[in-house]
Structure formats: structure tokens, C-alpha cells
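Notes follow once the structure below has been shown.
The values are calculated or read from the model by the stated rules, or taken from the named source; none is laboratory data. Source: prediction; values computed, not measured. Every residue, glycine among them, receives a Cβ derived from its backbone with ideal geometry; neighbour counts consider all protein chains shown.
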Amino acid sequence: MRPVPILLALSVCAAIALYVLKGGNTAAPEDNVTASKITTEAFPPVSVLVQKSIAQPVTSGIVLRGQTEAFRQIVVLAETSGKVISKPLRKGTLVTEGQLLCELEVGTKSAALSEAKARLEEAKANNKGARGLVRKGIISETAAFSREAALESAQANVDRAERELQDLQIKAPFSGLLESDTAEFGSYMQQGSACATVLQLNPMKLVGNATEQQVAKITAGADARARLLSGREVQGKVTFVSRRADSITKTFRVEITVPNDDDSLRDGSTVDISIALSGAMGHLLPQSALTLNGEGILGIRVVEDNKAKFIAIKTIRDSAEGIWVSGLNPQTDVIVVGQEYVTDGRKVSVTFKEGS
């Protein structure tokens, strides 16, 4: 074999391998530094739009799924018996506190009151001068006590008979809406029979269930808002936070009270409840200002010493005005337009956003 061709082939292979390992660049290191300087300094600064952002308290929130619930609901019961002599009120009727719902027939109750009053007068007469008769020895001390007891019993019977006459008129305990018809005319009501069901819908309660992690952040008096399935939004305050978890779901009942002056809110409607919480400091930025670096990390680009710089951020929450983020200095110049055309260290020409 001839050694010259073999040595020549090995030399060519070694030269190609060295070229590949150097990335195709055979220039000296000094030449690379010079080229880098030319690359960064030859191009003019990139024009960007900058927003001056100052950190401010962020109001975050907890979202609960819940439903509306009547502020009060009661089944009005009869406290005495009798036949209904009033015309029924139909369900859906608005009633005021003290309004007559059901009226029962007097029957023999008036006669019972008259009898009780007569017994009372008799007891008063028998008791009159009882203590003087005791001092004179005409009657015993025990007999005097019996007459006093009879007088008190007669007075109690009169009070009871008067109360039964008052109970013949069953009235609304508070202003609200009839959820059921009142008792029908001519029907007979026993003591404890239902006259009607009354709902108080103003104000209205919004009821949700919070997890153990959520309930630790909720306090009574916190601002809250809710959205119904119809799209309507209402606002109120947290009025109750349960201290005991539900035995099955292990969640805690939370109640929010909202006004319902027009009675348009209905009992049992589904709502999404958002309870405001006091959060940390953050910056409110337009969502378009967010960008990703070469490693796919979410952040923004800011201006420091007329140069662009990438800063990673954490999102706190979205809002109608923009997005709340943390991880920035208290006062930051944020690039809101042009951030996609600059890299770290690139000089920029700054134009500040109007009103920032």
C-alpha cells in the first residue's frame, strides 16, 4: 500500500472535524468579540412604548357556587281552633307586617270570656276582707290563702279567654310574599294547623359553601358580589361565616346579604359568589404586555438605563381593566408595545404612554 494517499485522507478528515467543532467559524476570538460589538452597536435603539407602573394593593377574591335564599321563611300556624271565615289570599301576594291572613269564627269563645269574667268578680267578692276575717278569727289562714288562689285562677282564666279571642285573627309576622294560599274559607283549623307560608325576600341571602382553606380567609363584613345565571350582578356583604363544617361535605356555610328592593331576586336561584380579600401589592398591566423569554417563562420587559430587561412575573388575578401581577419593583417602567422586538441589553428609545 502507498502511505501518502492514506495520510492525505486522514489530514482532510481531521481538518473537516475541526471545522465542525468550531461551528464553521475559523476566525480568531478577538474577531468574534469585534463582530459582537458591531452587531449590538451598529443598530439604532428600538422604539418602544412604556407605561410607568406603581404597585398598589390588590383585591383578590374567592369564588363560591351557591344559591339565593329567603332572608326569613315561616309557616304561620293557628294557635287556637275554629272555622275560617276570611276570604283566602292567593300565593304570590305581597303582605305587610300585621296584615290579616286568616280569621276564625268566634263561636263559644266569647261566651267563655263572659263566664271567666263572672268567675273573676265572684272571686274578688269572696276574697274581699279575707285578711280582716282572719284577724277576727272568723276564718282560718288556710281559707284566706284558698280565696286568694281562687282569685288569681279566675284572673288567669280571663287572660286566657281574651288571648283566645285575639288568636282568632292570624296576622303576618313580617312583610313578605305569600308562598302558599291562605286557609280556604269554611275550612276548620285545629291548633297548630298551617294558615300560610310567608317569605321575606328583602333583603336576600346568598348562601355558598367554602372549603377549609377558603373559609380561613373569609371574614364577616367583607365585600362580595354575585352573578346570576341571567347575567345580573348584585353586591352585598358577608354577614355569616359558619364555625362548624357540614358533616358530609366538610364545607362551611357562608352567607352574604344583598338588597332586593324590587323583589326581583327569587329564592333558590343559582349564583356565582365572589368574596373580596385583602391581597398583597401588585401592578395592574394590560395583558398584551406579557411575553415569554427563550425558556418559555412568562414575564414582561422593562426599561432600565435605557436598555430592555426581561423580568419573570406571577399573575394574581384578571380584571376588566387588565391583569394584576407581582414580582416587580414598587415603581417600574414596563414596555407595553415593542417588547417582542427587543432582547436583554438592547438599547431602546422610550416613549411614555399618555396618562402613565
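When region 202-245 is filtered for residues that are touching a residue at least 40 places away in the same chain (Cβ under 8 Å), closer than 14 Å to residue 274 by Cα and acidic (Asp, Glu), only 223 remains. I'd like to know if region 115-134 contains one or more residues that are at pLDDT 85 or above, outside any helix (DSSP H, G or I) and of a type outside the set (D, E, K, R). No, region 115-134 contains no residue that is at pLDDT 85 or above, outside any helix (DSSP H, G or I) and of a type outside the set (D, E, K, R). When the residues of region 179-226 are filtered to those that are under 23 Å from residue 267 (Cβ atoms) and acidic (Asp, Glu), the one that is surrounded by the most Cβ atoms within 10 Å (Cβ to Cβ) is 179. Taken over region 252-266, the residue count meeting the criterion of being buried (at least 17 other Cβ atoms within 10 Å of the Cβ) and of a type outside the set (Val, Ile, Thr) is 5.
Check whether at least one residue in region 90-97 is among the hydroxyl-bearing types (Ser, Thr, Tyr), under 22 Å from residue 196 (Cβ atoms) and either part of a loop (DSSP other than H, G, I, E, B) or under 34 Å from the mean Cα position of the chain (by Cα) (or both), and report yes or no. Scanning region 90-97, I find at least one residue that is among the hydroxyl-bearing types (Ser, Thr, Tyr), under 22 Å from residue 196 (Cβ atoms) and either part of a loop (DSSP other than H, G, I, E, B) or under 34 Å from the mean Cα position of the chain (by Cα) (or both), so the answer is yes.
Looking at 183, 116, which one is in contact with a helix residue (DSSP H, G or I) (Cβ under 6 Å, 6 or more places away or on another chain) and small (Gly, Ala, Ser)? So the residue among 183, 116 that is in contact with a helix residue (DSSP H, G or I) (Cβ under 6 Å, 6 or more places away or on another chain) and small (Gly, Ala, Ser) is 116. Out of 59, 68, 80, one residue alone is among the β-branched types (Val, Ile, Thr) and at pLDDT 95 or above. It is 68.
Of a type in the set (Ser, Thr, Tyr), modelled with pLDDT under 90 and part of a strand (DSSP E or B): is that true of residue 278 in this structure? It is true that residue 278 is of a type in the set (Ser, Thr, Tyr), modelled with pLDDT under 90 and part of a strand (DSSP E or B).
If the condition is being outside any strand (DSSP E or B) and not β-branched (Val, Ile, Thr), then region 295-319 contributes 295, 296, 305, 306, 319.
Only a single item in (1) modelled with pLDDT under 90; (2) not in a loop (DSSP other than H, G, I, E, B) is not met by residue 284, and it is number (1). One residue stands out in region 144-198 among those that are part of a strand (DSSP E or B) and polar (S, T, N, Q): the one that is nearest to residue 76 (Cα to Cα), namely 197.
Can you say whether residue 302 is modelled with pLDDT of 95 or more and crowded, with 17+ Cβ neighbours inside 10 Å, as far as the supplied structure shows? For residue 302, the condition - modelled with pLDDT of 95 or more and crowded, with 17+ Cβ neighbours inside 10 Å - is met.
Remark: residue 91 falls outside the filter, which requires a residue to be at pLDDT 95 or above and of a type in the set (Lys, Arg).
State which residue is nearest to the chain's Cα centre (by Cα) when the search covers only region 320-343 and only residues that are exposed (fewer than 12 other Cβ atoms within 10 Å of the Cβ) and assigned to a loop (DSSP other than H, G, I, E, B). Per the criteria, the residue is 320.
Restricting attention to region 42-86 and to residues that are assigned to a strand (DSSP E or B) and of a type in the set (Ser, Thr, Tyr), the residue that is surrounded by the fewest Cβ atoms within 10 Å (Cβ to Cβ) turns out to be 47. One residue alone among 89, 100 is surrounded by fewer than 16 Cβ atoms within 10 Å (Cβ to Cβ), in contact with a strand residue (DSSP E or B) (Cβ under 7 Å, 6 or more places away or on another chain) and not assigned by TED's automatic domain parsing to the domain that holds residue 266, and that residue is 100.
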